Amino acid sequence: MREDIDTPPQRETETQEGSLFAWPRFELDYTVEPYDDAPDLYTFYPHDASDEEIITQWISADEEAIVDVTAVR
């Protein structure tokens, strides 16, 4: 039994490929819609998406919800 149960086990990226623990890898582009009276809105979409694909393959988030992935790993 692990003694330090509050800390998740570390997994090497190389051993994660193809496993349930693998981080997905893909390129995203984004646009920023600035607002004076609200947080800016970031919209992310696949880098290689066509104009038609972007219509259904996007997600938006307020600036306050955006974090650096290296800060939460």
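Electrostatic tally near Pro34: other residues with Cβ closer than 10 Å to its Cβ, Lys and Arg +1, Asp and Glu -1, net -4. Working ranking of peptides 43-56, 19-32 by packing, defined as the average number of other Cβ atoms within 10 Å per residue, highest first, is 43-56, 19-32.
Against the empirical curve 2.2 N^0.38 Å, the C-alpha radius of gyration of the stretch 24-73 lands at a ratio of 1.27.
Quick note: the coordinates plus some simple rules give every number you see, no bench work behind them. The model shown is predicted, which means the values in this text are computed figures rather than measured ones. Using ideal geometry, Cβ is built from the backbone for each residue, glycine included, and neighbour counts are taken over all protein chains shown.
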